[in-house]
1. Out of the residues in the range 171-194 that are hydrophobic (A, V, I, L, M, F, W, C) and surrounded by 14 or more Cβ atoms within 10 Å (Cβ to Cβ), which is farthest from the chain's Cα centre (by Cα)?
2. What are the residue pairs meeting all of these: first residue in the range 119-135, first residue farther than 17 Å from Ile45 by Cα, second residue among the acidic types (Asp, Glu) and assigned to a loop (DSSP other than H, G, I, E, B), Cβ atoms under 7 Å, and 6 or more apart or on different chains?
3. Since Ile107 meets every condition but one in (1) crowded, with 18+ Cβ neighbours inside 10 Å; (2) of a type in the set (Val, Ile, Thr); (3) over 30 Å from Pro206 (Cα atoms), which condition does it not meet?
4. Any residue in the range 135-158 that is surrounded by 13 or more Cβ atoms within 10 Å (Cβ to Cβ), under 12 Å from Leu31 (Cβ atoms), out of contact with any Phe, Trp or Tyr (no Cβ under 7 Å at 6 or more places or on another chain) and not hydrophobic (A, V, I, L, M, F, W, C)?
5. In the range 55-83, what residues are aliphatic (A, V, I, L, M) and touching a Gly at 6+ places or on another chain (Cβ under 9 Å)?
Amino acid sequence: MGTSVDAPAVVAEEVTDNVLGGKKVTVVFVLGGPGSGKGTQCTNIVEHFGFTHLSAGDLLRAEIKSGSENGTMIETMIKEGKIVPSEVTIKLLQEAMIKSENDKFLIDGFPRNEENRAAFENVTKISPAFVLFFDCTEEEMEKRLLGRNQGRVDDNIETIRKRFKVFVESSLPVIEYYSSKDKVKKIDAAKPIPEVFEDVTAIFAPYAPKV
């Protein structure tokens, strides 16, 4: 008799309903090191496949700019060099998805680490359809970042290498976690932009808007 009580706990582990604000949503996490070209490809995916692009960083910046109490708190944390709690970022992502007319989302630059990932699934009860991983050598990313160094003060060699290190240490465990669930679609991001987009198109074909 007593065994049935424990059963739901196992089910709760795997998030499957993916319903938010009364609508079923498709979420794709976009991960890739700095300079892997994910921003360019996100723009293409939005244009060709009708996804809404949500950047965790942009949402935090917009919240700070709004002057809300939440924004002030975020700004203070960033100024003090503290990490903004996962829940804060997740809440902003969640609100943006609920407010949107759309039901297909690219979430860019999040989850940054394993703790983000677990918190996202716990809070939203959403599991990504897949993770789009732009795989690129550090050498190539470095070359790109230095080449586009237009006004980005942080794009010097030392800072760039630090950003790579953070990416590898934090984001690779997330990629490994989703790989174990067969949810990572890896793209060779070192190729020229049009070729990368061909690979992206092949992955997103099932999501193409019905004509």
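The values are calculated or read from the model by the stated rules, or taken from the named source; none is laboratory data. In this text, all values refer to a predicted model and were calculated from it rather than measured experimentally. Here the Cβ positions follow ideal geometry from the backbone for every residue, glycine too, while neighbour counts run over all protein chains shown.
1. For the range 171-194, the residue satisfying everything is Ala190.
2. Lys125/Asp17
3. Checking Ile107 against (1) crowded, with 18+ Cβ neighbours inside 10 Å; (2) of a type in the set (Val, Ile, Thr); (3) over 30 Å from Pro206 (Cα atoms), the one that fails is (3).
4. yes
5. In the first step, residues of the range 55-83 are kept if they are aliphatic (A, V, I, L, M); the result is 56, 59-60, 62, 64, 73-74, 77-78, 83.
Of everything in the range 55-83, those that are aliphatic (A, V, I, L, M) and touching a Gly at 6+ places or on another chain (Cβ under 9 Å) turn out to be Ala56, Leu60, Ala62, Ile64.
To keep it simple, each residue is scored yes or no on (1) at pLDDT below 85; (2) in contact with a Lys or Arg (Cβ under 8 Å, 6 or more places away or on another chain).
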{"site": "Lys82", "(1), (2)": "yes, no"}
{"site": "Gln94", "(1), (2)": "no, no"}
{"site": "Asp103", "(1), (2)": "no, yes"}
{"site": "Ala118", "(1), (2)": "no, no"}
{"site": "Asn122", "(1), (2)": "no, no"}
{"site": "Val131", "(1), (2)": "no, yes"}
{"site": "Ile160", "(1), (2)": "yes, no"}
